[in-house]
Amino acid sequence: MIKSLEIDSLVMLDLMTSISKQINVDFTSDGDDHCIDMPKSFGKGYIRGLQFSHGVALLESNLNLVKRFVLNFTKQETNGLFFIFNLEDNISHQFSNSNDKNVISKLQHVMFANDLKDVHRIIIDKDITTTFLILMINRKVFEKKMSSVAQHLSPELELIFKDVNGINKIYFKDYFSLEVSQLIGEFRNCDLEDFMEPMFLEGKCYEILTVQLQNYSNRKNDKHKTRLRKSTVNKIENAIEIIKDELDVKINVHDLAKRVGLNQNTLQSGFKNLFKSSVNDYIKKYRIEHAKLLIETTKLNITEITYKIGINSRSYFTKLFKKRYGTTPSAYLKRSRSSKDKIA
C-alpha cells in the first residue's frame, strides 16, 4: 500500500497543517517550530517543520515506515526551490511524467524546482530508516533578500533564484560535502533554549544554504574537479569519527589513512575536496572549536581543556584560539562563565 502526501505550501504552518490532515494526526507547535509524531499505523518517527525569515523553511524527518510514502511537490503560484539532503538509507526521486527513479544515496543531495509542465516526487520505502532534511525557498519572497546582491549573482545562481514563476525545471544531484553534513548535525543536535534556539537554527540553516550554493557554483565552474566515490566518502566519514573520538591523542595522517583503508594522498585530496583544507588543518580547526565548546559547557580549566583536545602546549593553544576567536581562552572562559553565573 502506498500513501501519497502532498507538499502543497511553502509556508510551514500551512504545510504541517496539511500533512497532519492527510495522515489524520495532530501536531504540536512552539512558535514557528512544528512537529508531527507519526501514528503507529504508519510506522514510527517524526516530521519537524521550521519557518524562518524571507521565505525560507525547513522540513526535518526521521522515519521508519510500515507503508511506502510518496511526497508529491505540487505546483503552486510560486514554485519553490528545494534542497533535499539524505543522511541515511536510500530514497528515490521521480519526475511525474516518467517511470524512471533516481536513487538518492546517503550523503547525496538533490536540488530541484518544478517547471510549468512537471512535478517532482520523493519516494520513501517501508521498513528502512530514512533521515533527511528538505530546505524550501519561496523564491518570490526570497527575491527581496537577494535584490541587494542580484547584480553579483553568477549565471548559474541567477537562473536558480530569478525564476520565481517556475518556468524552468531544475534538477541537480551530487554528494554534499562533509562540511554540510557537520552543519546539519549541529542543526539537528541543537540544545539551546528560549530565544537562542530559533536564532541558532536560522543561522545554521543559512550556513547550510550558503555552503551548498558555493559548492554547487564551484562544481558547475570546475569541470575537471575530481568527484569522490561513495566508498571514499564513507571512509573519510570514518576518519572524521576517529578524529573526534581520539581528539586527546596525537593523530598521524599516514596511520589514519591506513586505518580507514585509504592511501595518504587519497585521504588528503578527499579532505581538500570536501573541506578545502588538509587533514592536519581540519584537526587543528576541530580541536579549537571543541575547546570553545568545553569552555562553554564544562567546568574544566584551561590546562585541562588543553590536554583534553590533544595539545601539549598551553601557549600554543592560546595562540591558535586567539587567532580563530580574537581573544585568549582564559579571557573567553572568564567572560563565558561569569555571564552564566549572572543568569543563574
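The values are calculated or read from the model by the stated rules, or taken from the named source; none is laboratory data. All values derive from a computational prediction rather than experimental measurement. Cβ coordinates were reconstructed from backbone atoms using ideal geometry, including for glycine residues, and neighbour counts include every protein chain displayed. Calculation scope for accessible area: heavy atoms of the full protein, side chains included, ligands and nucleic acids excluded. Shrake-Rupley method; radii C 1.70, N 1.55, O 1.52, S 1.80 Å.
Descriptive notes on the structure:
- A Cβ distance below 8 Å, combined with a sequence gap of six or more or placement on separate chains, defines the contacts here; from the stretch 76-88, residues that are touching a residue at least 12 places away in the same chain (Cβ under 8 Å) and closer than 15 Å to residue 56 by Cβ reach residues that are among the basic types (Lys, Arg) and outside any loop (DSSP other than H, G, I, E, B) in the pairs 78/139; 78/140; 80/139; 81/139.
- Residues that are surrounded by 15 or more Cβ atoms within 10 Å (Cβ to Cβ) and either of a type in the set (S, T, N, Q) or over 21 Å from the mean Cα position of the chain (by Cα) (or both), drawn from the stretch 92-101: 92, 94, 95
- Some residue of the stretch 318-331 being touching a residue at least 24 places away in the same chain (Cβ under 8 Å), among the basic types (Lys, Arg) and surrounded by 15 or more Cβ atoms within 10 Å (Cβ to Cβ): no
- Within the stretch 102-131, the residues that satisfy the criterion of being open to solvent by 10 Å² or more (accessible area, probe 1.4 Å), assigned to a strand (DSSP E or B) and farther than 22 Å from residue 164 by Cα are 102, 103, 108, 129.
- Conditions (1) among the hydrophobic types (A, V, I, L, M, F, W, C); (2) surrounded by fewer than 17 Cβ atoms within 10 Å (Cβ to Cβ); (3) more than 18 Å from residue 209 (Cβ to Cβ): number failed by residue 47: (2)
- Candidates are the residues of the stretch 285-311 that are of a type in the set (A, V, I, L, M) and assigned to a loop (DSSP other than H, G, I, E, B); the one that is most open to solvent (accessible area, probe 1.4 Å) is 300.
- Condition check for residue 134: within 29 Å of residue 199 (Cβ to Cβ) and either under 13 Å from the mean Cα position of the chain (by Cα) or in contact (Cβ under 8 Å) with a residue 40 or more places away in the chain (or both): yes
- Residues (of a type outside the set (A, V, I, L, M, F, W, C) and either open to solvent by 20 Å² or more (accessible area, probe 1.4 Å) or assigned to a loop (DSSP other than H, G, I, E, B) (or both)) located in the stretch 73-91: 74, 75, 76, 77, 78, 79, 80, 88, 89, 90
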